[in-house]
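After the structure tokens below, expect a handful of questions from me.
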Amino acid sequence: MSAPSVNERFARLEGAVAHLEHLCDQLNAVVTEQDRELGRLRKRLEQLSEDLESGEQERLRQHQEKPPHWGP
């Protein structure tokens with residue numbers, strides 16, 4: 001059995017590079033989408049945190065008020 005020719009080796013390398021480029025493009029698409037989703041999740045978490053903090057502050061204000069029977 002003889003060693004592959006330079007042309008055969010080159011063709012195999014081209015195929016391997018094309019496959020790797022395709023894989024790289026696919027991975028880049030996944031990473032890009034995950035980055036977008038992470039941004040959306042961060043914004044949502046910030047919104048929920050603000051809502052929770054506002055609710056907690058309102059609850060504390062309500063508990064600090066004097067009951068009506070205590071008078072003015």
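List, please: which pairs have Cβ atoms under 9 Å, are six or more places apart or on different chains, and start with a residue in the stretch 1-24 that is open to solvent by 100 Å² or more (accessible area, probe 1.4 Å) and end with one that is outside any helix (DSSP H, G or I)?
Qualifying pairs under 9 Å: Arg9/Ala3; Arg12/Pro4.
Please pick out the residue among Arg59, Arg42, Arg36, Arg12 that is among the charged types (D, E, K, R), assigned to a helix (DSSP H, G or I) and over 33 Å from the mean Cα position of the chain (by Cα).
Arg12
The values are calculated or read from the model by the stated rules, or taken from the named source; none is laboratory data. Because the structure is predicted, anything quoted here is derived from the model rather than measured. So basically every Cβ, Gly included, is an ideal-geometry build from the backbone, and we count neighbours across all protein chains shown. Please note that ligands, DNA and RNA were not included when accessible areas were found on the heavy atoms of the full protein model with its side chains. Shrake-Rupley method; radii C 1.70, N 1.55, O 1.52, S 1.80 Å.
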